[in-house]
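Participant: Structure provided below as structure tokens; questions to follow.
The values are calculated or read from the model by the stated rules, or taken from the named source; none is laboratory data. Treat the numbers as computed from the prediction; the structure is a model and nothing was measured. Cβ sites come from the backbone with ideal geometry, for glycine too, and all protein chains shown count toward neighbours. In case anyone asks, the SASA skips ligands and DNA or RNA and just uses the protein heavy atoms, side chains included. Shrake-Rupley method; radii C 1.70, N 1.55, O 1.52, S 1.80 Å.
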Amino acid sequence: VPHPRGRVSALAEALAAKVARGREWSAKLEREMAEEDRTSLRDAAAMVSEVEAAKLKLPKLGKLREWVARAKAWQESARKVQAKQTRGASQKPALSELEAMLAVGLKLPLDVPEAPLLARQVREASDVERCAETLLEAAEEVTKPEPAADADAAAADADA
């Protein structure tokens, strides 16, 4: 039969180790959530899993879990929009839809790998849109009738 004092000592050691792990994780979460360089979604999700697996109750864990959920939801939406772009033309999202989605993604507290790709797609689409507008304006200039031709046509109509 183990001595009660030995069981209490082992329990105290296990509790002290868990408290130490809790303090380490708490400090790590505090650092990661306060950094100017945003933590990646993958790293944040891994931290949540590790803390939960260690059965630690940390004050910042709920907030980090919320950040991960929001980032994953945005990531899923971005993937769906990007999938639309690879299908038929009738499925392609409007540039304004991509810009709105990108704005939300850039405001996320975590770094999501789809955001830079979406930013590039928005830049490229904006460039194409500007080029198309320039070409349309040039085409309008070329196809405008000359003012003298308008006057001659009106005079010919009046003579007839």
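Participant: Can you give the accessible area per residue of segment 1-121, in Å², using a 1.4 Å probe? Can you show the working numbers first?
Facilitator: Values: 8030 Å² over 121 residues.
Normalised by residue count, the accessible surface of segment 1-121 is 66 Å².
Participant: Give me the percent of accessible area attributable to carbon and sulfur for segment 1-147, probe 1.4 angstrom. Before the final figure, lay out each step's value.
Facilitator: Numbers: 5840 of 10360 Å².
Of the solvent-accessible surface of segment 1-147, carbon and sulfur hold 56 percent.
Participant: Let me ask something else about it. I need the phi-derived Karplus couplings for segment 67-73: 6.51 cos²θ - 1.76 cosθ + 1.60, θ = phi - 60°, integer Hz, Gly and Pro marked x.
Facilitator: Residue by residue, segment 67-73 yields 4, 4, 4, 5, 5, 5, 5 Hz.
Participant: With a cut-off of 8 Å between alpha carbons and a minimum separation of six or more residues, what is the relative contact order of segment 54-139 in percent?
Facilitator: On the way: 39 pairs, mean separation 24.3, N = 86.
Once divided by the residue count of segment 54-139, the mean separation gives 28 percent.
Participant: Find how much the distance from residue 23 to residue 35 grows on full extension, using 0.36 nm per residue of separation minus their present alpha carbon separation; answer in nm with one decimal. Display every interim value, and only then the final one.
Facilitator: On the way: separation 12, 0.36 × 12 = 4.32 nm, distance 1.83 nm.
The span from residue 23 to residue 35 would gain 2.5 nm if fully extended.
Participant: Could you list which residues have their amide H under 5 Å from that of residue 39, counting only those 5 or more apart in sequence or on another chain, with H placed in the peptide plane?
Facilitator: Hits under the 5 Å cutoff: 111.
Participant: Please work out the Kirkwood hydrodynamic radius for segment 1-120, using every pair of different C-alpha atoms, and report it in angstroms with one decimal place.
Facilitator: So the Kirkwood estimate lands at 17.1 Å.
Participant: Please list 3J(HN,Hα) in residue order for segment 121-129, calculated via the Karplus relation 6.51 cos²θ - 1.76 cosθ + 1.60 where θ = phi - 60°; whole Hz, with x for glycine and proline.
Facilitator: 5, 5, 4, 5, 5, 5, 4, 5, 4
Participant: If you don't mind, there's one more thing I want to ask. What distance in nm separates the simple spin-label points at residue 49 and residue 5, each placed 7 Å from Cα in the Cβ direction?
Facilitator: So the label points at residue 49 and residue 5 sit 4.5 nm apart.
Participant: Oh, and also: When the Cα centres of segment 1-42 and segment 60-77 are compared, how far apart do they sit, in Å?
Facilitator: Here the two parts' Cα centres lie 23 Å apart.
Participant: Order the peptides 136-143, 117-124 from the highest to the lowest mean number of other Cβ atoms within 10 Å of their residues.
Facilitator: My ranking of the peptides, most packed first, is 117-124, 136-143.
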